[in-house]
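Notes follow the structure.
The values are calculated or read from the model by the stated rules, or taken from the named source; none is laboratory data. It should be emphasised that the depicted structure is a prediction, and the values quoted were computed from it without experimental measurement. Note: ideal-geometry Cβ built from the backbone for every residue, glycine included; neighbour counts use all protein chains shown.
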Amino acid sequence: MASAEVAKVTVGESGLRDYELVVIISPEAGDEAVEATIDSLSRFITGNGGMVSTVERWGKRKLAYPIKRFLEGSYVLTQFKLKPALSRQLEANLRLSEGTLRHLLVELDS
């Protein structure tokens, strides 16, 4: 009987999980570069079967401590759904991005 319950749970789910991502983009990047980064993130998520719920541009804010000699950065908050296996690939892409100072990806409880 326990296996039937597990089957119901896995069949009913789409395999997507809710995530929240905060990205701090270099202050040297212009508005076009910030928009290009947001578009790139959105294309990665939707191109891999995910859905972007919200994108909030918080603008330039002062950092708590210097990161790569910068004292401020452009903050962007994104909420989306994505397959768990692809979250690692998304983080790897963010680490390689030259314009991204820091990022924080959090899986939200459903």
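Structural remarks
- Residues (more than 20 Å from Ile25 (Cβ to Cβ) and without any contact (Cβ under 8 Å) to a residue 12 or more places away in the chain) located in the range 84-108: Ala85, Arg88
- The number of residues in the range 38-71 being under 18 Å from Asn93 (Cα atoms), more than 11 Å from the chain's Cα centre (by Cα) and of a type in the set (Val, Ile, Thr) comes to 1.
- Taken residue by residue, the range 61-74 has at least one member that is on the phi < 0 side of the Ramachandran plot, in contact with a Gly (Cβ under 9 Å, 6 or more places away or on another chain), free of Cβ contacts under 8 Å to residues at least 12 places away in the same chain and not in a helix (DSSP H, G or I).
- Looking only at the range 87-110, and only at residues there that are in a strand (DSSP E or B) and of a type in the set (D, E, K, R), the one that is surrounded by the most Cβ atoms within 10 Å (Cβ to Cβ): Arg102
- So Thr46, is it out of contact with any strand residue (DSSP E or B) (no Cβ under 6 Å at 6 or more places or on another chain), at negative phi and β-branched (Val, Ile, Thr): yes
- One residue stands out among those in the range 43-58 that are part of a helix (DSSP H, G or I) and touching a residue at least 24 places away in the same chain (Cβ under 8 Å): the one that is surrounded by the most Cβ atoms within 10 Å (Cβ to Cβ), which is Ile45.
- Failed condition for Gln79, given (1) touching a residue at least 40 places away in the same chain (Cβ under 8 Å); (2) farther than 19 Å from Ser97 by Cα; (3) buried (at least 17 other Cβ atoms within 10 Å of the Cβ); (4) not basic (Lys, Arg): (3)
- Single residue of Ser87, Ser110 found to be under 10 Å from the mean Cα position of the chain (by Cα), of a type in the set (S, T, N, Q) and at pLDDT below 95: Ser87
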